[in-house]
Amino acid sequence: MNIPHPSGRGPGPGTVHGDPLPAVLTTLTVVTGLIDAISYLGLGHVFTANMTGNVVIIGFATAGAPGFSLPASLASLCAFFGGAVASGRLALALRQRPRHQWVRWALSVEAVLLLAASAVAFAVPSGARYWLIVLTAVAMGMRNGTVRKLAVPDLTTTVLTLTVTGLASDSSLAGGTNPRAVRRVAAVLAMLAGAVVGAWLVLRHGLGWPLLLSAVSVAAAAVAVQRTPDVHGYSRRRR
């Protein structure tokens with residue numbers, strides 16, 4: 001499994017023994033469940049992490065379905081797009097540095113954005129809907145842009161459709177060999193766990209605490225990203 005450089009100039013290393021990246025991405029998948037619960041249940045039926053769902057919601061709102069807001073969904077989509085653009089610019093700026101530094105910077109930015117959202121939610125319990133939508137969507141756009149460049153199979157951290165499809169189509173029931181079955185199941189359970197915890201916190205304690213938990217979790221993931229052995233040459237050669 002090769003991980004490309006952020007610059008896109010060729011493959012980097014696979015995840016080697018002792019590489020914390022799979023655990024880090026699994027933690028981020030839990031956070032996605034939290035953010036989905038926060039945005040959909042607490043921000044008025046809008047997604048800020050899952051743009052597939054958000055585009056569908058835009059369609060519902062456009063058709064006049066009750067309970068959905070077209071401006072809120074469009075704000076989320078635009079903010080997410082901006083965050084993804086920022087992730088690409090960050091990867092370009094850090095293209096000469098080792099992978100772990102780039103990933104750590106990207107996750108640190110995400111954590112700061114989620115912490116800011118938590119502060120807003122605590123300070124303004126109502127009336128800060130669009131601020132929270134924009135902050136969380138930018139954070140998740142940053143995340144998705146980064147994870148996309150890492151290209152670790154079955155650990156996209158936000159979308160499970162292909163993961164579940166692979167789990168089924170590559171299973172022994174379909175005549176397959178169950179490759180990465182443990183990782184795929186772990187990804188599904190991680191997002192489920194995040195959604196359960198997020199929904200419980202939103203319904204009982206509002207938005208501030210699940211946002212704070214999300215920020216702390218991403219910060220912990222950033223700290224956990226360490227340099228792995230350079231046996232596959234993923235550190236870029238300095239010019």
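The values are calculated or read from the model by the stated rules, or taken from the named source; none is laboratory data. In this text, all values refer to a predicted model and were calculated from it rather than measured experimentally. Ideal geometry is used to build each Cβ from the backbone, glycine not excepted, and the neighbour counts take in all protein chains shown.
Points to keep in mind about this one:
- Hits in the range 26-68 - residues which are among the hydrophobic types (A, V, I, L, M, F, W, C) and part of a loop (DSSP other than H, G, I, E, B): Leu43, Val46, Phe47, Ala49, Ala63, Ala65, Phe68
- The residue pairs whose first member lies in the range 191-220 and is at positive phi, whose second member is among the acidic types (Asp, Glu) and assigned to a helix (DSSP H, G or I), and whose beta carbons are closer than 6 Å, counting only pairs six or more residues apart or on different chains, do not exist in this structure.
- The residues of the range 160-187 that are among the β-branched types (Val, Ile, Thr) and either buried (at least 16 other Cβ atoms within 10 Å of the Cβ) or in contact with a Phe, Trp or Tyr (Cβ under 8 Å, 6 or more places away or on another chain) (or both) amount to a single one, Thr163.
- Filter result for Pro98 (modelled with pLDDT of 95 or more, out of contact with any helix residue (DSSP H, G or I) (no Cβ under 7 Å at 6 or more places or on another chain) and of a type outside the set (A, V, I, L, M)): no
- When residues of the range 130-152 are limited to those that are of a type in the set (Val, Ile, Thr) and either under 16 Å from Arg99 (Cβ atoms) or without any contact (Cβ under 8 Å) to a residue 40 or more places away in the chain (or both), the one surrounded by the most Cβ atoms within 10 Å (Cβ to Cβ): Thr146
- Within the span defined as the range 2-20, one or more residues are within 18 Å of Glu110 (Cβ to Cβ), at pLDDT below 95 and surrounded by fewer than 22 Cβ atoms within 10 Å (Cβ to Cβ).
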